[in-house]
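What follows is one structure encoded as structure tokens, with my remarks underneath.
Read-outs: derived from the displayed coordinates by stated rules, not from any lab. Quick caveat: nothing in here was measured; it's all calculated off a predicted structure. Methodologically, a virtual Cβ is constructed for each residue, glycine included, from the backbone with ideal geometry; neighbour enumeration extends over all protein chains shown.
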Amino acid sequence: MATAAAPASARRHSIGDFSVGPQYVVDVRDQAPDMFVDHSTKDWTKLSWRNVGRPYRVEKWATGKKEYERTHGEPLPIVEGWKTFNANFHKYFTTNVPDAAANARTELKVAIAGMDVHGAQEAIEEMFHLLIWNRIHRVEDAVWDPRGKRALFSGLDVKKPRILFLGAADGYEAMQLAAMYPGGHTVLVDYDEFCKTDRFGKFPEAYPFLGVDPATSHKRVWYREEMNIDFEVEDIRNLKYGREFDIVVSIGLVEHFPDEHKPLVYEFHRRFVKPGGYVIVTTPRDQIKSRAWYYVMSDLLNYGYRELMDIRQLGLYSHENGFEVLRAGVIKAHNGLIMKVR
Ligand SMILES: C[S@@+](CC[C@H](N)C(=O)[O-])C[C@H]1O[C@@H](n2cnc3c(N)ncnc32)[C@H](O)[C@@H]1O
């Protein structure tokens, strides 16, 4: 459990701070997000699959997945796919992008000088991946998107909430929620141990989350180490909790379940939320940029079933599965819904 005060070195951000570091963007600006399209007034009961169409499936698989399936003659186990995804994704989060780009350029020069075609190809590929990652994470800040997430998560009627994050990975969104609604307890669940030890375990202590001070109701900055968080390495299907959480959240989970399993993934959310509690679901948007991202990064990320959808499709799935949509918004990379069980 991480409840200690933030190290003094980490307490250095003020509201309004914005800077681009070698790994990530610090954005504690108390301003409207660059991108938040509010769809809360949509009448989800009027939508039909005939109108909205089905989600786009990402089917450019990672070479590693194809190789496994060729040699083993069976599908890559889903959990193994996630382990590779998390290891690969984490590597980029921890990359010093300017240094890595400089290294890749040097490697390319050396390979060209030595007539090493394979080496040159690898260096070019690495440069390309870094270019895309730099754009998405350090220029657009579209993966974490703190101002977009804060806009989406705002206005919940909770005090000291118990928060459950299903498929938590680095736990980012639960930390954002815990900063906005402090004083409660958060449980992160992921069956990949690496998420506990590294993706969350080594999440930058100095990263600031803009939230609120419960004593004064004024805004304040929170750090990971100040939050009351437990990480449970477990399969969501084996969780023993009752309907005890004020907020159940998943970020990029629902789209990994084909339609025949959608009722099950929604049931996971319903199963653990208190009567009257909130369910928050976001999934990646179906937009040219996202399709290009999963195409270019396929060898790193595409180890399992994934859909890209629009807000209507996410809303329709949620409505069909017994949820009332209270708030719907499109942020940089995701669609998001704040819901209650109907
Ligand atoms: C696509 S990731 C979520 C995206 C995340 N925001 C990120 O930064 O990578 C989904 C996470 O859910 C976890 N997961 C998938 N199915 C699970 C299950 N049945 N039980 C526990 N964790 C699961 C995976 O290990 C993975 O870390």
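On a straight-distance basis, which aspartates and glutamates could pair with residue 219 in a cross-link, Cα separation under 12 angstrom, same-chain partners fewer than 8 positions away excluded? Straight-line reach from residue 219, under 12 Å: 30.
Estimated at 0.36 nm per residue, the fully extended path between residue 216 and residue 112 surpasses their Cα-Cα distance by 31.3 nm. For residue 323, the residues whose modelled amide H falls within less than 5 Å of its own, excluding neighbours fewer than 5 places apart on the same chain, are 342.
Under 5 Å between amide hydrogens, built in the peptide plane, is the criterion, and for residue 302 it picks out 62 among residues at least 5 positions away or on other chains.
Under a Gaussian network description of the chain, with springs only between Cα atoms under 10 Å, the residue in 261, 218, 90 that fluctuates furthest is 218. Note on residue 66: aspartates and glutamates with a C-alpha under 14 Å away, same-chain residues under 8 apart excluded, are 74, 80, 299. The value of relative contact order for the chain, using C-alpha pairs under 8 Å at least six residues apart, is 26 percent.
Mind listing which trypsin sites (Lys or Arg not before Pro) in the range 121-185 are in a DSSP loop and have 15 or fewer other Cβ atoms within 10 Å? Answer in residue order: 159. Both the radius of gyration and Dmax for the range 75-139 are 14.4, 42 Å, in that order, over alpha-carbon atoms. I'd like the distance separating the alpha-carbon centroids of the range 273-342 and the range 201-254, in whole Å. Rounded to whole Å, the Cα centres lie 19 Å apart.
When the convex hull of the C-alpha atoms of the chain is computed, what volume per residue in Å³ does it have? Provide the component values of the computation, followed by the final result.
Working: hull volume 49.5 nm³, N = 342.
Dividing the Cα hull volume of the chain by its residue count gives 145 Å³.
Taking each of 60/149; 60/289; 160/262; 91/289; 46/340 in turn, the alpha-carbon distance tops 23 angstrom for 60/149; 160/262. Per residue of the chain, the DSSP helices (runs of n ≥ 4 H) give a summed -39500 (n - 2.57) that works out to -10000 deg cm²/dmol at 222 nm. Which of 279, 97, 20 moves the most in a Gaussian network model of the chain with Cα springs under 10 Å? So, out of 279, 97, 20, the one fluctuating most is 20.
Once the other residues with Cβ under 15 Å from the Cβ of residue 157 are scored (Lys, Arg +1; Asp, Glu -1), what is the net sum?
Working: positive: 159, 160, 162, 274, 327, 340; negative: 246, 324.
Surrounding charge for residue 157 is +4.
Across the range 253-261, rounded Karplus estimates of 3J(HN,Hα) from the backbone phi angles (6.51 cos²θ - 1.76 cosθ + 1.60, θ = phi - 60°) give 10, 4, 6, 8, 10, x, 3, 5, 9 Hz, Gly and Pro being marked x. With only Cα atoms counted, the range 13-153 has Rg and Dmax values of 20.7, 64 Å.
May I ask you to sort 318, 14 by Cβ crowding, counting other Cβ atoms within 10 Å and putting the fewest first?
Working: 318 23, 14 8.
Least to most surrounded, the residues fall as 14, 318.
Comparing 106, 186, 283 in a Gaussian network model of the chain (Cα springs below 10 Å), the most mobile by mean-square fluctuation is 106. In order along the range 20-32, the phi-based Karplus estimate (6.51 cos²θ - 1.76 cosθ + 1.60, θ = phi - 60°) of 3J(HN,Hα) comes to 10, x, x, 10, 7, 9, 9, 9, 10, 6, 8, 10, 4 Hz; Gly and Pro are listed as x.
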